[in-house]
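K.L.:
Take a look at this one; I'll ask things after.
The values are calculated or read from the model by the stated rules, or taken from the named source; none is laboratory data. Since this is a predicted model, take the numbers as computed values, not measurements. Cβ sites come from the backbone with ideal geometry, for glycine too, and all protein chains shown count toward neighbours. Side chains included, ligands, DNA and RNA excluded: accessible areas come from the protein's heavy atoms. Shrake-Rupley method; radii C 1.70, N 1.55, O 1.52, S 1.80 Å.
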Amino acid sequence: MAHVVVTRPLIENGLKELQDAHTVTVCDPPEGAARSEDELIKLASDADVLLTVLADPVTERVFEACPNLQMVAQYAVGIDNIDLDAAAAHNVVVTHTPGVLTDATADMAWALLLGAARHVTAADQYVRDGTFERWETTLLLGTELADKTLGIVGLGRIGAATARRGLGFGMDVVYHNRHRANPTVERQTNAEYVALDELLATSDVVSLHCPLNEDSHYLIDADALATMKDTAILVNTARGAVVDENALVEAIGDGTIAAAGLDVFEDEPDVHPGLIEQERAVLAPHLGSATTEARTKMAHMCVASITAVLEEHDDVPHRAVENGSQWK
Ligand code: DGY
């Protein structure tokens, strides 16, 4: 029997198959901030398998301190919290959950986009505050999306799903990627490949879908924000540190851009106070994959990968091989 350590409780019954066959320890979430390296080491020191979430720092030190570790099964598609080189050096298999959270995350990008374009959170607050006394001709005027340009940064699975939704709203789509997407994806999304600067300068909505790595860290900095239209909306459902949050707070504050819809933050779960105060920022607590459907499938994928490793199958499904390096 292997020891599987799960760093957060998962969706009900998500691990049933695993629990029938192995010793599974499900840890409670840490108080307050994200779990530290030391806390993770304490939980995982005798684990054969570690099932992680994006807040767990799976570093070289963790691999060194957990000598039995055969695999890390990440309950997410993004793996920027895992040192893949260190995993390889310690012969630890890393898997993740691509594909099953694509629609959930694209829906969330659109929820934030529409929320920002039509002031949905401010409108909700207005009604709850009892301020709605009569219909007004200029109350909370938003912006329409039809015939506007949607700029997708990172036309992978989630970027493409977000782009396809844009077609339904009558938007023109441009994208920027580290490599040009294949012709089928370009056809399905009707997306035109452009340089990043051109995308920033011409898009009415810029939606981020690239992985976080050293090339994409602060990709959207003060210069990038200054390149955007002053009417533009920035949407981020990728990773917080793709955007320089200080620069973003200034850019929304001084009207460099119009608004932002953010599901992710640089220092989660902490959020920049300037964003909290900013009415033109629509904020969510990293809910991209938070649908019952996606979270259930993510659990099944983790279980399938873990079973394959523990039963020594030749092929381990959903292996994570790279973190989209040099994506630019
Ligand atoms: C992912 O899968 O990387 C998401 O950010 C988690 O919801």
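K.L.:
When the chain is modelled as a GNM with alpha-carbon springs shorter than 10 Å, which of GLY142, GLY151, GLY78 fluctuates the most?
P.N.:
Result for the chain, Cα springs under 10 Å: GLY142 fluctuates most.
K.L.:
Right, next: What do you reckon, how do GLU186, GLU293 stack up by accessible area (1.4 Å probe), largest on top? Present the calculation step by step, with values, prior to reporting the outcome.
P.N.:
Working: GLU186 30, GLU293 115 Å².
My answer, sorted largest first, is GLU293, GLU186.
K.L.:
Just reorder ASP215, ASP230 by solvent-accessible area, largest first, 1.4 Å probe, all chains present. Don't jump to the answer; show the numbers that get you there.
P.N.:
Working: ASP215 45, ASP230 100 Å².
Heavy-atom accessible area, descending, gives ASP230, ASP215.
K.L.:
Turning to a different aspect of this structure: Taking the Cα centre of each part, how many Å lie between segment 104-164 and segment 258-288?
P.N.:
The distance from the Cα centre of segment 104-164 to that of segment 258-288 comes to 14 Å.
K.L.:
Looking at LEU50, MET301, ILE257, which one has the Cα that reaches farthest to the positive end of the dipole of the chain (charges on Cβ: Lys, Arg +1; Asp, Glu -1)?
P.N.:
MET301
K.L.:
I would also like to ask the following. Could you check which residue among ALA122, ALA260, ALA73 shows the biggest mean-square fluctuation in a GNM of the chain with a 10 Å Cα cutoff?
P.N.:
Greatest mean-square fluctuation among the candidates belongs to ALA122.
K.L.:
While we're looking at this one, here's another question. At what distance in nm do the modelled label points of HIS313 and ASP85 sit from each other, each positioned 7 Å from its Cα along Cα→Cβ?
P.N.:
3.1
K.L.:
Here is a follow-up. What do the square roots of 5 times the Cα gyration tensor eigenvalues come to for the chain, in whole Å, largest first, as semi-axes of the equivalent ellipsoid? Working shown, then result.
P.N.:
Working: eigenvalues 275, 96, 68 Å².
For the chain, the ellipsoid semi-axes come out as 37, 22, 18 Å.
K.L.:
Rounded to the nearest 0.05, what FRET efficiency is calculated for GLU31 and HIS300 with R0 set to 22 Å and r the Cβ-Cβ distance? Please report the intermediate quantities before stating the final value.
P.N.:
On the way: r = 30 Å, r/R0 = 1.34.
For R0 = 22 Å, the calculated efficiency reads 0.15.
K.L.:
Determine the calculated [θ] at 222 nm for the chain from helices alone, applying -39500 (n - 2.57) to every DSSP H run no shorter than 4 residues and normalising by the residue count; nearest 500 deg cm²/dmol.
P.N.:
On the way: 13 runs with 116 residues, N = 328.
Counting only the DSSP helices, I get -10000 deg cm²/dmol.
K.L.:
Continuing with the same structure: Give the accessible surface of the chain per residue, rounded to a whole number of Å², with probe radius 1.4 Å and ligands, DNA and RNA excluded.
P.N.:
Result: 48 Å² per residue.
K.L.:
Now for a separate question. If you take every residue apart from ILE11 with its C-beta less than 13 Å away from the C-beta of ILE11, what net charge results, scoring Lys and Arg +1 and Asp and Glu -1?
P.N.:
Details: positive: ARG8, LYS16, ARG295, LYS297; negative: GLU12, GLU293.
Net local charge, ILE11 excluded: +2.
K.L.:
Continuing with this model, one more query. Which value, in debye to the nearest 20, describes the size of the charge dipole of segment 102-283 about its Cα centre when Lys and Arg Cβ atoms bear +1, Asp and Glu Cβ atoms bear -1, and nothing else is charged?
P.N.:
On the way: 13 positive and 30 negative charges, 175 e Å.
Charge dipole of segment 102-283: 840 debye, to the nearest 20.
K.L.:
Quantify, in whole percent, the carbon and sulfur part of the accessible surface of the chain (1.4 Å probe; protein heavy atoms only). Could the numbers behind the result be given before it?
P.N.:
On the way: 7560 of 15660 Å².
Whole-percent figure for carbon plus sulfur exposure: 48.
K.L.:
Test of understanding: what is the full-extension gain from GLU60 to ASP129, defined as 0.36 nm times their sequence separation minus their Cα-Cα distance? Numbers along the way, then the final one.
P.N.:
Working: separation 69, 0.36 × 69 = 24.84 nm, distance 5.05 nm.
Contour length minus the Cα-Cα distance gives 19.8 nm.
K.L.:
Could you check which residue among GLU17, GLU64, GLU312 shows the biggest mean-square fluctuation in a GNM of the chain with a 10 Å Cα cutoff?
P.N.:
With Cα springs under 10 Å in the chain, the top fluctuation among GLU17, GLU64, GLU312 is at GLU312.
K.L.:
Same structure, new question: Under 16 Å from a label point 7 Å along Cα→Cβ of TYR193: give me every residue in segment 128-154 with its amide N that close.
P.N.:
Label zone hits: 152-154.
K.L.:
With a 1.4 Å probe and all protein chains kept in place, how do MET1, MET298 rank by accessible area, largest first? Let's see the in-between values first.
P.N.:
Numbers: MET1 175, MET298 0 Å².
Descending accessible area places them as MET1, MET298.
K.L.:
Cross-link partners among aspartates and glutamates for LYS297, C-alpha distance below 16 Å, same-chain residues fewer than 8 apart left out?
P.N.:
GLU12, GLU17, ASP103
K.L.:
Report, in debye and to the nearest 20, how large the dipole of the chain comes out about its Cα centre when Lys and Arg carry +1 and Asp and Glu carry -1 on their Cβ.
P.N.:
Details: 22 positive and 52 negative charges, 211 e Å.
Using Cβ point charges on Lys, Arg, Asp and Glu, the chain gives about 1020 debye.
K.L.:
If the label point is 7 Å along Cα→Cβ of LEU141, which residues in segment 209-247 have backbone nitrogen under 16 Å from it?
P.N.:
Counting only backbone N, you get 231-232.
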